[in-house]
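A quick write-up on the structure given underneath.
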Number of protein chains: 2
Amino acid sequence: MTALDIGVVRERSGLPASTLRYYEELGLIRSIGRNGLRRVYAGDVMQRLSFIALGRHAGFSLEEIGAMFAPDGRLSIDRDQLMEKADGLDKRIKQLTALRDGLRHTAKCSAPSHMECPKFQRLMRMAGKNPLRGRDAIV
Amino acid sequence: MTALDIGVVRERSGLPASTLRYYEELGLIRSIGRNGLRRVYAGDVMQRLSFIALGRHAGFSLEEIGAMFAPDGRLSIDRDQLMEKADGLDKRIKQLTALRDGLRHTAKCSAPSHMECPKFQRLMRMAGKNPLRGRDAIV
DNA sequence: CCTTGACTTGAAGTCGACTTGAACTTGTAA
DNA sequence: TTACAAGTTCAAGTCGACTTCAAGTCAAGG
């Protein structure tokens, strides 16, 4: 668990320094000192960044992710929260699967225009019933 | 295909008038006249709105969706584009499935802390390898 | 005839996750 | 020892999809 210069973290994680600073500002990672001006991060930073990436993939906001770290730096995710998220993903997976199959069908469908394909119409009707609002989580 | 007052469209679609005006401004729907001040939309507007909702669910931006309407108002989606999107969805579905299973396992896992669960670690490693950038399409 | 509520306009604001800009500092290589 | 790449700060900007605001208009009901 040796300390890591920000340059090293940038390189290993692929994230720009600006993002690392931003995450630090939000309290998602913490720097343990400086090397001259440069931030030096604690050795667990790579693990934390992976965790953040994972959280983002699962559809959590940075704020939510931040709340999963206990003050001592360990994880404190409640298992119910995970199950809830998993159930949410499950729903979304089903939606996406229907969508994927619908699109595939539509692409091959012999109807002269997509609008005339009954399956496509069904898809549209489904979508119309729950419009996505704003930048709404797509997951 | 009778004309529809914006109030009726708002009601049937569940979208606020502001959204309808916004969509019109972007050229996604067109009003065919006025009733006093009020916009009156062409009869196909509900279908168009459904299509827009479908496109959004599939992860297209409003701009991309706009490009799918030919100038005459008919759809002109190229079937390859649909297949491409379907393939994209497929990938995303696989990711989400792995994620869902991982979360479910983690929730039930007997490891004292999530970080100690090997499956969880594997998930993190996967996520770490392709961080989500910005407001990146989650789909 | 008058009120009212749902529309109208154009401009500005919001939200999340960053990025960019301007001005400055520093460890390291030449 | 001097140049330089890569950091630093703080404030402001960006992007997409809308929403909100202030001020005005109008069709329909009482």
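Could you pull out the residue among B:59, B:27, B:43 that is over 18 Å from the mean Cα position of the chain (by Cα) and in a loop (DSSP other than H, G, I, E, B)?
Among B:59, B:27, B:43, only B:43 is over 18 Å from the mean Cα position of the chain (by Cα) and in a loop (DSSP other than H, G, I, E, B).
Which one of these is surrounded by 13 or more Cβ atoms within 10 Å (Cβ to Cβ), within 10 Å of DNA strand C (Cβ to nearest atom), among the aliphatic types (A, V, I, L, M) and within 14 Å of another protein chain (Cβ to nearest Cβ): A:20, A:103? Lay out the reasoning, then the answer.
Details: A:103 fails: within 10 Å of DNA strand C (Cβ to nearest atom).
On inspection, the qualifying residue turns out to be A:20.
If I ask for residues that are over 16 Å from residue A:119 (Cα atoms), away from DNA strand C (no atom under 16 Å from the Cβ) and touching a Ser or Thr at 6+ places or on another chain (Cβ under 8 Å), which ones from the stretch B:42-86 would you list?
B:43, B:68, B:69, B:70, B:74 - these are the residues of the stretch B:42-86 that are over 16 Å from residue A:119 (Cα atoms), away from DNA strand C (no atom under 16 Å from the Cβ) and touching a Ser or Thr at 6+ places or on another chain (Cβ under 8 Å).
Picking from A:66, A:88, which residue would you name as being modelled with pLDDT of 95 or more and either in contact with a Pro (Cβ under 9 Å, 6 or more places away or on another chain) or within 24 Å of residue B:132 (Cβ to Cβ) (or both)?
Values: A:88 fails: modelled with pLDDT of 95 or more.
None of the others qualify; the one that does is A:66.
Restricting the search to the stretch B:23-42, which residues are among the small types (Gly, Ala, Ser) and either within 14 Å of chain A (Cβ to nearest Cβ) or surrounded by 15 or more Cβ atoms within 10 Å (Cβ to Cβ) (or both)? Write out each step before concluding.
Going through the stretch B:23-42, the residues among the small types (Gly, Ala, Ser) turn out to be B:27, B:31, B:33, B:36, B:42.
Residues satisfying the conditions are B:31, B:42.
Hey, among B:107, B:98, B:127, which residue is touching a residue at least 12 places away in the same chain (Cβ under 8 Å) and of a type in the set (Gly, Ala, Ser)? Show your work before the answer.
On the way: B:107 fails: touching a residue at least 12 places away in the same chain (Cβ under 8 Å); B:127 fails: touching a residue at least 12 places away in the same chain (Cβ under 8 Å).
Unique residue meeting the criteria: B:98.
Select from the stretch B:106-123 the residues that are facing chain A (nearest Cβ under 8 Å) and over 29 Å from the mean Cα position of the chain (by Cα) and write down the one among them that is farthest from residue A:74 (Cα to Cα).
Let us first name the residues in the stretch B:106-123 that are facing chain A (nearest Cβ under 8 Å), namely B:106-108, B:113-115, B:123.
With the extra rule that they be over 29 Å from the mean Cα position of the chain (by Cα), the set shrinks to B:106-108, B:113-115.
Working: B:106: 16, B:107: 16, B:108: 19, B:113: 8, B:114: 9, B:115: 9 Å.
By that ranking, first place goes to B:108.
Among the residues of the stretch A:131-139, is any away from DNA strand C (no atom under 16 Å from the Cβ) and at pLDDT below 90? So that I can check it myself, show each step before the final result.
Going residue by residue through the stretch A:131-139, those that are away from DNA strand C (no atom under 16 Å from the Cβ) are A:131.
Narrowing the set further to residues that are at pLDDT below 90 leaves A:131.
For the stretch A:131-139, residues away from DNA strand C (no atom under 16 Å from the Cβ) and at pLDDT below 90: present.
Test each condition in (1) surrounded by fewer than 19 Cβ atoms within 10 Å (Cβ to Cβ); (2) within 7 Å of chain B (Cβ to nearest Cβ) for residue A:86 and report the one that comes out false.
Result: residue A:86 fails condition (1) only.
Please specify each residue of the stretch A:1-24 satisfying the condition of being in contact (Cβ under 8 Å) with a residue 24 or more places away in the chain and among the basic types (Lys, Arg).
A:12, the sole residue that qualifies.
Looking at (1) in contact with a Ser or Thr (Cβ under 9 Å, 6 or more places away or on another chain); (2) away from DNA strand C (no atom under 12 Å from the Cβ), can you tell me which one residue A:9 breaks?
Answer for residue A:9: the failing condition is (1).
Cβ-Cβ under 6 Å, sequence separation 6+ or interchain: first residue in the stretch B:25-37 and of a type in the set (Val, Ile, Thr), partner more than 9 Å from DNA strand D (Cβ to nearest atom). Which pairs?
B:29/B:45; B:29/B:48; B:32/B:3; B:32/B:40; B:32/B:42
Take the conditions within 12 Å of chain A (Cβ to nearest Cβ), among the hydrophobic types (A, V, I, L, M, F, W, C) and within 11 Å of DNA strand C (Cβ to nearest atom) and apply them to residue B:4. Does it pass? Working first, answer last.
On the way: within 12 Å of chain A (Cβ to nearest Cβ): no; among the hydrophobic types (A, V, I, L, M, F, W, C): yes; within 11 Å of DNA strand C (Cβ to nearest atom): yes.
Taking the combined requirement at face value, the residue does not satisfy it.
Could we say that residue A:70 is touching a helix residue (DSSP H, G or I) at 6+ places or on another chain (Cβ under 8 Å), among the hydrophobic types (A, V, I, L, M, F, W, C) and under 23 Å from residue B:104 (Cβ atoms) here? I'd like the intermediate steps shown before the answer.
Working: touching a helix residue (DSSP H, G or I) at 6+ places or on another chain (Cβ under 8 Å): no; among the hydrophobic types (A, V, I, L, M, F, W, C): yes; under 23 Å from residue B:104 (Cβ atoms): yes.
In short, no.
The values are calculated or read from the model by the stated rules, or taken from the named source; none is laboratory data. Remember, it's a predicted structure, so these values are computed and weren't measured experimentally. Note: ideal-geometry Cβ built from the backbone for every residue, glycine included; neighbour counts use all protein chains shown.
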